[in-house]
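Structure, as structure tokens:
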């Protein structure tokens with residue numbers, strides 16, 4: 001239906017106002033200097049791409065997933081409504097594309113890469129490993145705030161690199177990201193497809209392909225769509241096969257890393273993590289850092305713990321409140337104190353006690369009373385109680401030996417279920433020093 005130019009201009013102004021408001025709201029929610037606990041996860045959680053794939057991978061409908069349901073429901077009715085009315089990255093990409101008016105329309109000749117990415121990710125999610133969940137535009141937008149989140153210069157720059165690549169692609173090929181690459185836009189297309197297909201079947205009027213389109217051109221378009229459909233099915237199957245391999249294959253060869261409390265096992269964690277940086281910015285102790293030295297490329301830039309300057313405070317669970325995908329489970333303060341991060345281990349050959357020097361810093365600072373120093377004559381032995389030690393890193397922080405620490409926190413076996421993540425121990429309550 002053709003609209004009056006004045007009505008069309010009013011609609012365009014209204015849509016621009018909504019998009020600018022959405023960009024401002026997303027910035028406020030993600031800005032690390034604004035004290036809004038848990039608000040940062042609202043932005044990536046709005047994505048139905050994240051909601052569908054994380055639910056398929058974990059089998060759990062979390063509170064974060066519920067935030068994406070309104071967007072998902074509206075996408076079933078209005079095609080790409082979030083792209084046109086609410087996506088902050090889409091607004092930035094649109095204005096970036098205006099810098100290059102000479103290449104407008106070129107993106108129409110590109111294949112539907114976003115659809116294949118979305119199908120491959122969903123196929124992998126069915127086996128617990130969403131392949132390209134980190135390509136969600138809202139996650140890329142959030143990761144760019146690492147420049148203000150105290151994550152370090154290098155990590156902050158890498159976090160902003162994803163959004164910069166989107167804007168650069170939009171400058172070189174205007175419209176390519178939103179229409180051909182973005183998995184969130186493709187997910188909305190897939191959600192709207194059943195309704196459009198049913199409407200086409202129920203409509204008495206045949207679908208018009210244009211008055212100037214020849215029968216040969218129509219046949220060519222049908223063949224192209226058939227090829228795209230076959231490639232989409234292949235993408236879903238390949239994603240399922242690769243996701244199954246990454247999630248369940250070679251568990252013994254996985255290099256374990258210290259992850260935030262409440263994290264899933266290593267394989268599931270690196271697949272579900274959006275690399276959005278929410279947990280990095282939320283941590284008041286600043287011990288969560290993007291892993292830039294991961295040996296496995298699938299774990300690159302996933303959050304890891306570093307106890308060089310502080311330890312995981314026993315009264316803090318902020319990182320568990322901001323994860324939008326379920327890679328870090330939301331914990332209460334009591335659950336967090338019992339969540340296994342790792343286990344402290346002692347190398348007595350490096351300890352000052354083995355040299356006959358006095359030192360009990362690790363035992364005095366431990367908030368869980370998990371360290372016991374036992375004397376036998378003039379020899380001392382440090383013992384760790386595994387049931388009490390959650391691997392908070394306090395002992396490693398205060399250990400005076402250098403350059404190597406005599407006591408360090410090492411990763412333990414994968415916490416595949418809630419019982420292994422929260423071992424029951426009557427003596428695991430912290431005390432006030």
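The residue that is surrounded by the most Cβ atoms within 10 Å (Cβ to Cβ), counting only those in the stretch 366-412 that are touching a helix residue (DSSP H, G or I) at 6+ places or on another chain (Cβ under 7 Å) and within 19 Å of residue 339 (Cα to Cα), is 395.
Considering only the stretch 340-347, I want to know if a residue exists there that is without any contact (Cβ under 8 Å) to a residue 24 or more places away in the chain, more than 30 Å from residue 65 (Cβ to Cβ) and in a loop (DSSP other than H, G, I, E, B). Show your work before the answer.
Of all residues in the stretch 340-347, those without any contact (Cβ under 8 Å) to a residue 24 or more places away in the chain come to none.
Scanning the stretch 340-347 turns up no residue that is without any contact (Cβ under 8 Å) to a residue 24 or more places away in the chain, more than 30 Å from residue 65 (Cβ to Cβ) and in a loop (DSSP other than H, G, I, E, B).
Annotation: residue 154 fulfils all but one of (1) touching a helix residue (DSSP H, G or I) at 6+ places or on another chain (Cβ under 8 Å); (2) assigned to a helix (DSSP H, G or I); (3) at pLDDT below 90; the unmet one is (1). Scan the stretch 3-18 and give yes if some residue there is part of a helix (DSSP H, G or I), modelled with pLDDT of 90 or more, closer than 30 Å to residue 267 by Cα and in the same structural domain as residue 116 (by TED's automatic domain parsing), otherwise no. No, there is no match, as no residue in the stretch 3-18 is part of a helix (DSSP H, G or I), modelled with pLDDT of 90 or more, closer than 30 Å to residue 267 by Cα and in the same structural domain as residue 116 (by TED's automatic domain parsing). Residues that are touching a residue at least 60 places away in the same chain (Cβ under 8 Å) and within 12 Å of the chain's Cα centre (by Cα) within the stretch 264-278 comprise 268, 271, 272, 273, 274, 275, 276, 277, 278, listed in sequence order.
What residue, of 196, 289, 255, 281, is under 22 Å from the mean Cα position of the chain (by Cα) and modelled with pLDDT under 80?
Of 196, 289, 255, 281, the one residue that is under 22 Å from the mean Cα position of the chain (by Cα) and modelled with pLDDT under 80 is 255.
In the condition set (1) assigned to a loop (DSSP other than H, G, I, E, B); (2) exposed (fewer than 14 other Cβ atoms within 10 Å of the Cβ), residue 334 is compliant with all but (1).
The values are calculated or read from the model by the stated rules, or taken from the named source; none is laboratory data. These figures come from a predicted structure and were not determined experimentally. Cβ sites come from the backbone with ideal geometry, for glycine too, and all protein chains shown count toward neighbours.
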